[in-house]
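Laboratory data are not the source of any read-out in this text; all were calculated from the coordinates shown. This one's a predicted model, so the numbers in the text were calculated from it and none came from an experiment. Cβ coordinates were reconstructed from backbone atoms using ideal geometry, including for glycine residues, and neighbour counts include every protein chain displayed.
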Amino acid sequence: MKKILVTGGTGFIGSTLIESLLQTEVAITVLSRQNAQAVQKRWARPVNVVSSLSVIPASDVFDGIVNLAGEGIMDGRWTLSRKQALMDSRIALTQSLVCWMETRTTLPKVLISGSAIGYYGSRPLEKQLTENDAPGTDFAAQLCADWEQEARLAEKLGVRTCIVRTGIVLHPKGGALKKMLPPFRLGLGGVIGSGQQIMSWIHLDDMVRLLIFLLEHPQCQGVFNAVAPQPVSNESFTRALGNALKRPTILTMPAKLLQLLLGESSVLVTGGQYVVPEKIVQAGFGFGHQDLQHVFSRWFSPDIS
């Protein structure tokens, strides 16, 4: 039976990934600071929960590690203390993970480590970004670049390493879409700023399938953009969601107001990136969800209450 270690396993993506992996012959160990019994109750099959890497027995040999840990980047203003928390939950944890791997007698076959398309910073609308493009210059971009640098140290240990730059992961049960739904259902949803900024998105199901694809295909290594092939503008996203919910979307959230409310982090919603999944498509991965209007219609049209 394969063994997989997951960090960030109680999060939006991680919990769904584990649920999917547990449907196969895979044993899961979750690194979490939360109460072990509460974590175990999330899934029908038992998982092993550890609060520290140091308590994992030397005899445990992992086939793969999926590193998804990280504080929510939009969960608060980017104060100095908040920035430090974001860095520690990503960079420091990844550094600790690679150092721990170095102490193991038997190394994992693969490390799948998270990042985000924030790596690219805000870019002009016409610029299509692939995995080969340089990072941006804002805080989020530097955070992702430093995060990736720590993960790639695993390559020097001889571990196949995949960096996953994730876009906006969509599903009604969590993430950005769950936060958007209450105002949209009330008819209070609307375009942000100019509405022309590009939103590179991915369906949660495709996100989980992509991670498993990377685990299972030893020819895959390096950086992969986890986004659907057809990104949309904020205006198109807003109209598509409003149409599916049969609610108006006539309001506009001015960019300057968002800057006042969110501070430096407002760039994540007022800016955008046209990101394409070049490498994962070349590797043979097929997206199950590419048309955003169709995705929203399947979720919401049968029940708009």
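Among (1) of a type outside the set (Val, Ile, Thr); (2) in contact (Cβ under 8 Å) with a residue 24 or more places away in the chain; (3) outside any helix (DSSP H, G or I), there is one condition Gly286 misses while meeting the rest; what is its number? That leaves (2) as the condition not met.
None of Ser89, Ser122 is surrounded by 13 or more Cβ atoms within 10 Å (Cβ to Cβ), polar (S, T, N, Q) and in a loop (DSSP other than H, G, I, E, B) except Ser122.
With respect to (1) farther than 24 Å from Pro277 by Cβ; (2) of a type in the set (A, V, I, L, M, F, W, C); (3) within 16 Å of the chain's Cα centre (by Cα), the lone exception for Leu257 is condition (3).
In the list Leu143, Leu107, Leu111, which residue meets the criterion of being closer than 30 Å to Val26 by Cα, outside any loop (DSSP other than H, G, I, E, B) and of a type in the set (A, V, I, L, M)? Every option except Leu111 fails the conditions.
Phe184 fulfils the conditions (1) on the phi < 0 side of the Ramachandran plot; (2) surrounded by fewer than 17 Cβ atoms within 10 Å (Cβ to Cβ) except for a single criterion, (2). Restricting attention to the range 1-21, the residues that are among the hydroxyl-bearing types (Ser, Thr, Tyr) and in contact (Cβ under 8 Å) with a residue 60 or more places away in the chain add up to 3.
Any residue at all in the range 201-216 that is over 24 Å from Tyr120 (Cβ atoms), of a type in the set (Val, Ile, Thr) and touching a residue at least 40 places away in the same chain (Cβ under 8 Å)? Yes, some residue in the range 201-216 is over 24 Å from Tyr120 (Cβ atoms), of a type in the set (Val, Ile, Thr) and touching a residue at least 40 places away in the same chain (Cβ under 8 Å).
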